[in-house]
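J.: Starting off with a structure, shown below.
The values are calculated or read from the model by the stated rules, or taken from the named source; none is laboratory data. Quantities reported herein were computed from a predicted structural model and do not represent experimental measurements. Because the Cβ atoms are built from the backbone with ideal geometry, glycine has one as well, and the counts that use them run over all protein chains shown. Heavy atoms of the whole protein, side chains included, go into the accessibility calculation; ligands, DNA and RNA do not. Shrake-Rupley method; radii C 1.70, N 1.55, O 1.52, S 1.80 Å.
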Amino acid sequence: MDRIFTVDEARSLLPGVIEDARVVIAARADLAEITFDRQARGGSELGGIPEMKALEARIEEILSGWTGLGIEVKGIAPVLVDFPAVLDEVSVRLCWIEGERELAWYHRTDLGFAGRRPLP
């Protein structure tokens, strides 16, 4: 059975998610820069394939950690995660996207991001 979070449980995990997301964002930017520079100039000051593989591995480690906690990873550009929950007997996802400072939104499970509403 998949984990169901209370709002308080999800909010208690959010500071760690935000900190991990900062690492993902930095790694994502470094990967983009290395890839572009290698294609445009044949090399990058940030490194080459070994550094790219290390960045990819770090991102995967973080994403796997989140999924291991029951958090659903919806995207990494931008970072978007959902915490499965139930509000008023309805299956929902408590939704956090890169740049938000707190967990303040949810959407019905069957609607997705377009159905986002502020948490009551």
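J.: What whole-number value in Å² describes the accessible area per residue of region 28-120 for a 1.4 Å probe? Please report the intermediate quantities before stating the final value.
T.: On the way: 5550 Å² over 93 residues.
I get 60 Å² per residue for this part.
J.: Express the relative contact order of the chain as a whole percentage, based on alpha carbon pairs under 8 Å and six or more residues apart in sequence. Could the numbers behind the result be given before it?
T.: Values: 157 pairs, mean separation 26.6, N = 120.
The value is 22 percent.
J.: Taking the Cα atoms only, what angle lies between the long axis of helix 49-68 and the longest principal axis of the chain, rounded to 10 degrees?
T.: Around 10 degrees separate the two axes.
J.: Please list 2-13, 20-31 highest first by mean number of surrounding beta-carbon atoms within 10 Å per residue. Each step should come with its number before you reach the end.
T.: On the way: 2-13: 14.9, 20-31: 17.2.
The most tightly packed comes first, giving 20-31, 2-13.
J.: Hey, what's the per residue convex hull volume over the C-alpha atoms of the chain, in cubic angstrom?
T.: Values: hull volume 13.7 nm³, N = 120.
Each residue corresponds to 114 Å³ of Cα convex hull volume.
J.: A further question follows. Quick check: Cα centre of region 15-53 to Cα centre of region 93-120, how many Å?
T.: Rounded to whole Å, the Cα centres lie 28 Å apart.
J.: Hey, any idea what % of region 30-109's accessible area is carbon plus sulfur with a 1.4 Å probe? Don't jump to the answer; show the numbers that get you there.
T.: Working: 2400 of 4550 Å².
Summing carbon and sulfur atoms, their accessible area is 53 percent of the total for region 30-109.
J.: Enumerate by residue number the GluC sites (Glu not before Pro) in region 51-120 meeting two conditions: DSSP loop (anything except H, G, I, E, B), and at most 10 other Cβ atoms within 10 Å of the site's Cβ. Walk me through the intermediate numbers first.
T.: Details: sites: Glu51, Glu56, Glu60, Glu61, Glu72, Glu89, Glu98, Glu100, Glu102; in loops: Glu89, Glu98, Glu100, Glu102.
Filter output for region 51-120: Glu89.
J.: While we're looking at this one, here's another question. Heavy-atom accessible area of Lys74 with all protein chains present, probe 1.4 Å, nearest 10 Å²?
T.: 110
J.: Measure nothing fancy, just the Cα-based angle from helix 7-41's long axis to the longest principal axis of the chain, in degrees from 0 to 90, nearest 10.
T.: Tilt relative to the chain: about 20 degrees.
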